[in-house]
Amino acid sequence: MISACKKLSPMKKFLPLCVFLIYFSSFSQNNSQAFRTGEFLKYKIQYGLLNAGFATIELKAHNKGKDSLIHAIGKGWTTGMVGFLFSVEDRYESFFTENPIKPKHFVRKINEGGYTQDKEIFFDYNTHYAKVINHKKQTESSHFIQNEIQDMLSSFYYMRSVDFSNLKQNDSIDITMFMDSKMYPFRLVIMDREPVKTKFGIVNTIKIRPIVQKGRIFKDEENVTLWITDDENKIPVRIKASLLVGSAKAELFEFNGLVHPFP
């Protein structure tokens, strides 16, 4: 049992990363509406031949005081044997303005094999500070932020409003994301355009490679690949990663409420 746990341990970290990549999928903005409240996406995650878990993200309207915000809710959890050995139950929430897309409030509640986090972030663009409340440690801190910054979920919607017509192979873009009290640069590189077979039929996609940190989970800096629909929806349909032990993938399993026809 201990040996099996060690072998499957990379999966405990892949699911949260997979959730993140599902939420973070394109490049520069345009005026085309790629999403709306009521949108729901669900992904099936596999580790080798094992069904490892699921990830979902949905959009709701949120009106509070003078603010009319969009509420994004992302969830990820393990199932079956992987869930038995390494239980993962993550929940992420983002409240952001639609035009321009800027996060106001971010929530992260995770339990990954006993590793837990319970944090809230409040963004203040007038003072250029983010207030981080750590409920687990009962602490509160303030951190400098840039004007152009996103949280883990708002990044996905910020980047989905995009025009790919002028983007070509090896084009890349950087974004700054605030998470865990720090600002993180993140880069995605266009690899190619190719058709992908899905449960919904053959889908034209854009193949993207996120640049991720090598080390504890991944074999090198360029071993995660993401395929997003080459249309106005720009939703991920597949994610693959080579882990230190084995490989994992996520595929679109269910959807509802898209703005544009799919597939």
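The values are calculated or read from the model by the stated rules, or taken from the named source; none is laboratory data. Fair warning: this is a prediction, and the values are worked out from it, not measured in the lab. Heads up, the Cβs are rebuilt from the backbone with ideal geometry, glycines too, and the neighbour counts pull from every protein chain shown. Accessible surface areas use protein heavy atoms only, side chains included; no ligands, DNA or RNA. Shrake-Rupley method; radii C 1.70, N 1.55, O 1.52, S 1.80 Å.
Here the range 39-168 yields Rg over Rh of 1.03, to two decimals, using C-alpha coordinates and the Kirkwood radius. Enclosing the Cα atoms of the range 57-116 in their convex hull gives a volume equal to 81 cubic angstrom per residue. Seen from residue 131, the other residues with C-beta closer than 10 Å to its C-beta sum to a net charge of -3, counting Lys and Arg as +1 and Asp and Glu as -1.
Summing charges over neighbours of residue 95, with a neighbour being any other residue whose Cβ is under 15 Å away from its Cβ, gives +3 when K and R count +1 and D and E count -1.
For the residue pairs 168/249; 44/137; 182/207; 42/104, the alpha carbons lie more than 31 Å apart in 44/137. Accessible area per residue (1.4 Å probe, heavy atoms of protein chains only) ranks 36, 238, 160, 91 as 36, 91, 238, 160, with the largest value leading.
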